[in-house]
Each structure stands twice: as C-alpha cells, then as structure tokens.
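Working notes for the structure below.
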C-alpha cells in the first residue's frame with residue numbers, strides 16, 4: 001500500500017500515513033535513510049575492529065622476522081626468509097654454515113618467538129575473560145592464585161629437587177609449576193560450591209591462597225644455595241630464553257583450544273559482565289558458567305606459567321588498551337586482545353634482547369617497565385575510571 005492508497009481521512013495524521021506507506025512498500029524499499037545510515041555505521045564499526053586485529057597480526061609477523069635476526073650470530077631478514085622457505089619446501093641442509101644457520105633459526109630463535117606469541121595470546125585472552133567474569137578491572141589470569149601456586153611448585157623443584165611425579169630433572173620445574181598452579185583453582189571451585197560462586201568469593205579466596213603459597217615459597221627460598229636462588233629468580237621474573245620446540249607444542253595444546261573455547265563463550269561473557277541478576281533473567285547459570293571459565297583460564301595460565309615463569313601485566317594491561325580501539329564487546333575484544341597480547345610480548349622480548357646487548361633483559365622485567373606506565377596512563381586518560 002502506498003500513501004496515495006490510504007483514505008483521505010483527517011483523523012489519520014501524516015506520521016501514521018507515512019508509516020503505513022512504508023509497511024506496504026516492497027521489502028527492499030522499507031529501509032529509510034535513517035535505517036540505512038545506522039546499518040552503514042554498524043558495518044564501519046565492525047570493520048574497524050577487524051582492521052585492528054589484522055594490523056596486530058601483520059605487525060606480529062613483521063616483528064617475528066626481525067626477532068629472528070637478533071642474536072650473537074648475525075642473520076639478515078632475507079637470509080632468514082630464505083632458510084624458512086627452504087625448510088618448507090623440504091630442502092636438505094648440508095653440514096656446515098647452512099646447517100648451523102638453520103639450527104639457530106629452528107631450534108633457538110623460532111621456538112622463542114613462538115613461545116612468546118602463544119604466551120601473549122593466552123595471557124591476554126585469559127585477562128579479558130577474568131575481567132568480564134569477575135567484573136573487576138584489576139583482574140588478570142593470576143587473580144585466582146595461579147601464579148603463587150606455580151611459584152611454590154617451581155621452588156620445591158629448583159631448591160629442594162622434589163619432583164611430584166618422579167619425572168626427569170629437566171622437566172621437574174615445568175611439571176611441578178603446572179600441577180601446583182591448578183591447586184588454587186580447585187580450592188576456589190570447591191569453596192564456590194560450598195558457599196556461592198560470586199566474584200567477591202572467588203577474588204577473596206584467590207588472595208588467601210596466594211598469601212599461603214607465597215609464605216611457603218619464601219620459607220623454602222631462604223634455604224636455597226646461590227646458584228639455585230639465581231635460577232629461581234630468573235624463573236620468577238619470567239623468561240622465554242629456555243624455549244625449545246617441544247615446549248611450544250605442549251603449550252599450544254593447552255593455549256589454542258583454551259582460547260578457542262573462550263571465544264565460543266564470549267556471548268556468555270557479555271552477559272556475565274552485566275551482573276548475576278541479569279544473567280539469571282536471561283537463563284544463564286552465572287555460578288556454573290563462572291566455574292567453567294575459571295577452569296579454562298586456569299589451564300591456559302598454568303600452561304603459560306609452567307614454561308615462561310611469571311610474566312606480568314600482559315593479561316592486565318592488554319585488554320584495557322584494546323578496549324580503547326574495539327570497545328567492551330567480548331566477541332571482538334577477546335580475539336583483538338589475543339592478537340595485541342602476542343604483539344606486545346614479542347616486542348617486549350625483542351627489546352629485552354637488544355637494549356643491553358650482548359646481555360639480555362628478561363621479558364618479565366620489560367613488560368613490568370612497559371605495563372606500569374601504560375596502566376597509569378589509562379587511569380589518567382579515563383579520569384580515574386579504568387572500567388568501561
């Protein structure tokens with residue numbers, strides 16, 4: 001029905017007449033200029049988010065190629081690209097200089113960069129999940145006590161030489177850190193079932209467990225010999241220097257499926273971030289969903305910490321920085337934070353390798369130097385409001 005087909009009744013106002021004309025028009029003509037404008041703006045809004053993600057990925061690849069050239073043995077970007085291409089095409093490296101260069105790239109430098117990328121992806125994605133789940137801007141992957149449990153496990157392995165599963169010495173620290181980092185999560189899940197699964201309960205339980213494990217860690221550290229204390233300190237500040245190809249594979253087994261699982265739960269994360277009452281009104285069991293997300297985050301954080309030590313600020317700062325560009329919608333915030341976290345950690349590791357060369361500054365120290373000022377800037381920028 002068009003406007004001309006509407007009876008000329010003085011009781012029918014022009015607004016009603018226009019609306020009836022729109023309803024009766026063909027489907028493709030139903031959208032007026034205002035609707036088209038809103039749709040176009042939304043498409044541009046989504047487009048900007050994907051552009052940010054793509055830019056982070058491209059920048060990470062660029063930094064990866066640059067990182068392969070940094071080290072005691074000089075290599076150009078072109079030479080690294082050539083060696084990688086030869087490896088992909090199945091080229092057999094002869095004994096000599098080419099074999100040495102290939103070994104440096106594939107056994108030392110690439111695993112280090114890959115480990116940094118995986119750690120950045122895991123910590124940033126876990127940080128987004130924790131901040132939305134607990135509705136706390138200061139939450140990060142270590143909020144539930146994962147880091148303190150991992151520190152205790154690494155300490156008894158390094159200082160006391162205790163392996164809980166009797167694994168070979170080279171795997172003791174990793175296995176101990178992984179197992180003990182999961183203990184706080186299990187305790188919090190049990191407490192949340194006995195009491196309630198509210199964010200406040202989980203945060204308070206995490207803080208209590210953190211203090212308990214830190215006390216035991218400090219006590220054992222007092223008995224450490226100088227060499228073991230130095231090894232423990234290096235693990236505590238976080239490092240990618242000891243990465244090997246097998247480490248990358250094991251971490252990927254936990255991090256990649258974990259991040260994918262969190263991505264599938266981003267709609268639920270959006271609901272949880274609005275509060276338990278809203279979640280329940282929409283048919284979401286907030287307590288159960290919070291425990292599931294906590295379990296996934298704990299596995300991701302445990303896998304990262306076990307191989308890299310305690311790398312701070314990535315899971316805390318990366319989501320806040322990314323919110324400036326993509327907003328609070330977790331469907332876009334989580335993948336964008338993962339991409340930015342990978343870039344941030346690879347850049348931090350590269351800075352640590354060149355800033356005091358030939359010596360190296362551990363990546364955990366660099367992220368602390370970068371994260372502290374960035375977080376203060378975010379607070380000032382938001383006029384003391386860090387959550388939005």
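The values are calculated or read from the model by the stated rules, or taken from the named source; none is laboratory data. Source: prediction; values computed, not measured. FYI the Cβ positions are ideal-geometry reconstructions off the backbone, even for glycines, and counts take in every protein chain you see.
When every residue of the range 311-322 is checked against the conditions, none turns out to be within 20 Å of residue 137 (Cβ to Cβ) and surrounded by fewer than 16 Cβ atoms within 10 Å (Cβ to Cβ). When the range 327-337 is filtered for residues that are surrounded by fewer than 24 Cβ atoms within 10 Å (Cβ to Cβ) and farther than 13 Å from residue 131 by Cα, the ones remaining, listed by number, are 327, 331, 332. Do we find that residue 348 is more than 24 Å from residue 206 (Cα to Cα) and modelled with pLDDT of 90 or more in this structure? Considered against the rule, which asks whether it is more than 24 Å from residue 206 (Cα to Cα) and modelled with pLDDT of 90 or more, residue 348 comes out as yes. Tallying residues that are closer than 20 Å to residue 232 by Cα and not in a helix (DSSP H, G or I) within the range 323-368 yields 4. The set of residues from the range 251-286 being within 30 Å of residue 152 (Cα to Cα) and crowded, with 16+ Cβ neighbours inside 10 Å comprises 251, 252, 254, 255, 258, 259, 261, 262. Annotation: residue 260 fulfils all but one of (1) modelled with pLDDT of 90 or more; (2) at positive phi; the unmet one is (2). Checked against (1) under 25 Å from the mean Cα position of the chain (by Cα); (2) at pLDDT 80 or above; (3) assigned to a loop (DSSP other than H, G, I, E, B), residue 252 meets all criteria but (3). For the range 117-152, taking the residues that are assigned to a loop (DSSP other than H, G, I, E, B) and more than 13 Å from the chain's Cα centre (by Cα), the one that is surrounded by the fewest Cβ atoms within 10 Å (Cβ to Cβ) is identified as 138. Checking each residue in the range 267-285 for being within 23 Å of residue 191 (Cα to Cα) and more than 22 Å from the chain's Cα centre (by Cα) picks out 275, 276, 277, 279, 280, 284, 285.
Could you list, in sequence order, the residues of the range 155-186 that are in contact (Cβ under 8 Å) with a residue 24 or more places away in the chain, over 22 Å from the mean Cα position of the chain (by Cα) and buried (at least 16 other Cβ atoms within 10 Å of the Cβ)? Walk me through how you get there before you give the answer.
To start, the set of residues in the range 155-186 that are in contact (Cβ under 8 Å) with a residue 24 or more places away in the chain comprises 155-156, 158-160, 173-175, 177-185.
Now drop any that are not over 22 Å from the mean Cα position of the chain (by Cα), which leaves 155-156, 158-160, 173.
Residues satisfying the conditions are 155, 156, 158, 159, 173.
A Cβ distance below 6 Å, combined with a sequence gap of six or more or placement on separate chains, defines the contacts here; from the range 55-83, residues that are exposed (fewer than 14 other Cβ atoms within 10 Å of the Cβ) reach residues that are in a loop (DSSP other than H, G, I, E, B) in the pairs 77/69.
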